1. For region A:423-435, enumerate the residues that are open to solvent by 70 Å² or more (accessible area, probe 1.4 Å), out of contact with any Ser or Thr (no Cβ under 7 Å at 6 or more places or on another chain) and more than 14 Å from every other protein chain (Cβ to nearest Cβ).
2. Could you pull out the residue among B:Val52, B:Val25 that is facing chain A (nearest Cβ under 10 Å) and crowded, with 22+ Cβ neighbours inside 10 Å?
3. For region A:87-110, give me the residue count where each residue is more than 14 Å from chain B (Cβ to nearest Cβ) and in contact with a helix residue (DSSP H, G or I) (Cβ under 9 Å, 6 or more places away or on another chain).
4. For region A:31-42, check the following and say yes or no: at least one residue is open to solvent by 10 Å² or more (accessible area, probe 1.4 Å), under 30 Å from A:Gly477 (Cβ atoms) and within 14 Å of chain B (Cβ to nearest Cβ).
5. For region A:436-455, what are the residues that are open to solvent by less than 10 Å² (accessible area, probe 1.4 Å) and in a loop (DSSP other than H, G, I, E, B)?
6. Give the residues of region A:412-422 that are in a helix (DSSP H, G or I) and either open to solvent by less than 80 Å² (accessible area, probe 1.4 Å) or within 14 Å of chain B (Cβ to nearest Cβ) (or both), sorted by residue number.
7. Can you find a residue that is farther than 22 Å from A:Lys161 by Cα, without any contact (Cβ under 8 Å) to a residue 24 or more places away in the chain and more than 7 Å from chain A (Cβ to nearest Cβ) anywhere in region B:58-73?
8. Consider A:Val337 carefully, then state whether it is under 21 Å from the mean Cα position of the chain (by Cα), assigned to a loop (DSSP other than H, G, I, E, B), buried (at least 24 other Cβ atoms within 10 Å of the Cβ) and touching a residue at least 24 places away in the same chain (Cβ under 8 Å).
Amino acid sequence: MNDTTTGRTERADVAIVGAGPAGLAAAVAAAESGAAVVLVDAAAQPGGQFWRHRPEGIVQERDGRGHHGWKTYLDLRARFDAGRERGQITYLPGLQVWMAEKDDAGFTLRTTPTVAGPVGGPAVAARRLILSPGGYDRQLPVPGWDLPGVMAAGGIQAFLKGNGSLPGRRFVIAGTGPFLLPVAAGIAEAGGQVVAVLESSSPAAWLPHLGAAAGVPEKALEGAEYAAVFARHRIPYRTRNVVTEVLGSGSRGSSRVTAVRSAKVDAKGKVRPGTERGYADVDVVGFGWGFTPQMELPLSLGAETRLDADGSLVGVVNERQESSVPGLFLAGEVTGVGGAKLAVLEGLAAGAAAAVRDDAARAAPGLHAMARHRRFAEAMHRAHPVPAGWQEWLTPATVVCRCEEVTAGQITEAREMLEARDARTIKSFTRAGMGWCQGRVCGFAAACLGQGPAAPPSAESLSSAARRPLAAPVGIGELAALEPSDS
Amino acid sequence: MSTKAQRGAGGPAAAEQPGSPQETVTISFDGRPLTAAPGQSIGSALVAQGIVAWRSTRKGARPRGLFCGIGICFDCLLTVDGATNQRACLVEVCEGMQIEGSCTPDDGSRA
């Protein structure tokens, strides 16, 4: 990156954001269809969150232990590297896109280094754009969740995959959804102790969806694999259970997680009195309530959105993965959280479609497989909802916005006294979502609290939470450099 | 996995051999030398030493360390070789790196 300057522009037929399962697949498909591709990714090496691995210069992970679909990754990676060698794929790692613009010629991306360096990132210009930015763990606040030692479930997995070590000794993993299983299994296989996995939903919630599950038999195999790991390590898996409070010791700077309180809940997520119990000697708590797709770039370009079955705001696409904005394609979690296999299929379809010059409707590959995976994902979302009663687990003093330290009491007061119902109004009254993360972590919860306990947040409210003037923090210098337009 | 990268015996002598893979790197945290494995994130190097918080919040002076682990939440910010607001979960350690946190452990003297 020595020659990188803020003034440089990389040009291509197709620009891709993200090098996870969807982005890698899209790059490979577009390049193999003859397009010149530029791929921008925030990480230092390809793989995204799903295939995050140790730094390749230090450890080669050939066997893919602890990874799923590693053979698919190796295949896509080999084709990706081949595309780079042919000069068809320009790979720009370590860069975050902080702004995307569209004009008649296509799309322009402004980038900034993920890790501070002496120089800024180049601009990227392309006729077509594929956004596959992925997602991150959705969070619900609970008393004590801002103590050091509380992490996103996916953050624990990322720590393990990226460093080959664990962030603690004794773990409680809680929330909802099948993702809690690989997180807990990974911890146990790496030598950590999983004190309990607390799943708010019930196994019976799957019964109405068995048909959809049967359409994706490999998921059943994966489930059996985790069941074996849970049995081998004696991991208690407690359904209809939630963490009601995380406890810490030490004051101020030295405080950290030491214990967890839990309770059983009914189907609505209401705590059943008398079922409370404690887990002592816990040093890491991992929370995951499904995932939130990274919607700021699709929203900033005006892509049409909808509410998915899991309550997430996602982009609307056609059979070729094209959004409502001509030339803008979406692949992976931004079209609906559905896992890596679906993301790869969507990436392949988007890459092939974006590479084609005339839009003569060509049937996208893998449509049937995609439909099967989407049905499964929808069943998963319906079986693992965010419990309606979660707001009752909070006290008025519970921090909701970790950045600006806005409490649940302040948000409900803004709702009751000031009629602040949507995430944007709550933000302007309370500063919830105005800090460093720009509401990525608290946006869903703040939108729920604004709506009140009776109903989930609307697409409009989530959209107002996910609209960010800048998609990544940038320096004043990078903003100033925009003024004398270089186009 | 890589016992070679994780063994903590190396020391500065091993780190100075040009061209050979380093067994450990030495970094400093708030002026204190720490040993880390090459390729580790700063966050992982600190947590491995029992340091779980390195920033205090502005209002409540609440301690913060790793949370999302993937660069989304900005809870784990610290200063790396003079560059402020770097994410500990994303930056890899390297030999001689100087890291500063803004978290003051409570010794009873803070208001």
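1. Residues satisfying the conditions are A:Ser428, A:Phe429.
2. Going through B:Val52, B:Val25 in turn, the sole match is B:Val52.
3. 9
4. Yes, there is a match, as at least one residue in region A:31-42 is open to solvent by 10 Å² or more (accessible area, probe 1.4 Å), under 30 Å from A:Gly477 (Cβ atoms) and within 14 Å of chain B (Cβ to nearest Cβ).
5. The answer is A:Cys437, A:Gly439, A:Cys442, A:Gly452.
6. Within region A:412-422, A:Thr412, A:Ala414, A:Arg415 meet the criteria.
7. yes
8. Considered against the rule, which asks whether it is under 21 Å from the mean Cα position of the chain (by Cα), assigned to a loop (DSSP other than H, G, I, E, B), buried (at least 24 other Cβ atoms within 10 Å of the Cβ) and touching a residue at least 24 places away in the same chain (Cβ under 8 Å), A:Val337 comes out as yes.
The values are calculated or read from the model by the stated rules, or taken from the named source; none is laboratory data. Small disclaimer: the values here were computed from a predicted structure and weren't measured. We place every Cβ from the backbone using ideal geometry, glycine too, and count neighbours over all the protein chains shown. For the accessible areas, the whole protein counts, side chains as well, though only heavy atoms, and no ligand, DNA or RNA atoms are used. Shrake-Rupley method; radii C 1.70, N 1.55, O 1.52, S 1.80 Å.
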